[in-house]
Amino acid sequence: MDKDKDTPISNDNTRRAPREGNEVDVHVGRNLRTLRRCHKMSQDALGKRVGVTFQQIQKYENGKNRIGASRMWQFCEIFGVKPNRFFRGLPKG
């Protein structure tokens with residue numbers, strides 16, 4: 001069996017490891033972690049506020065899972081920030 005067949009192909013047609021976060025997802029996740037910690041909130045408490053498990057919050061914070069627009073909006077409402085706050089400090093591409 002050719003294991004490369006199971007490896008996802010990115011937009012630029014290069015193979016990447018499954019569930020590998022891209023640099024933007026990692027950056028957004030780090031900013032989510034920073035906001036959560038600044039508000040002295042646990043992963044479990046944040047997860048309960050948005051209807052997911054603390055494991056899912058961990059995946060967001062580590063950039064393993066992308067944060068969808070509606071979920072990001074929930075985070076913005078909870079932390080009282082605009083969506084661009086999650087992208088602050090991202091190098092311009």
Practice task
Being surrounded by 17 or more Cβ atoms within 10 Å (Cβ to Cβ) and not charged (D, E, K, R) is the filter here, so list the residues in the range 20-38 that pass it.
Solution key: Gly21, His27, Val28, Gly29, Asn31, Leu32, Leu35
Exercise for the section: Quick one: in the range 62-93, of everything that is small (Gly, Ala, Ser), in a loop (DSSP other than H, G, I, E, B) and on the phi < 0 side of the Ramachandran plot, which residue is least open to solvent (accessible area, probe 1.4 Å)? Expected result: Gly68
Completion exercise
Taking the range 39-61 and keeping only residues that are aromatic (Phe, Trp, Tyr) and either within 14 Å of Val26 (Cβ to Cβ) or open to solvent by 90 Å² or more (accessible area, probe 1.4 Å) (or both), one is left with Tyr60
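The values are calculated or read from the model by the stated rules, or taken from the named source; none is laboratory data. Note that the coordinates shown come from a computational prediction; the quantities given were computed from them, not determined experimentally. Positions of Cβ are generated from backbone atoms using ideal geometry, with glycine treated the same way; all protein chains shown enter the neighbour counts. In case anyone asks, the SASA skips ligands and DNA or RNA and just uses the protein heavy atoms, side chains included. Shrake-Rupley method; radii C 1.70, N 1.55, O 1.52, S 1.80 Å.
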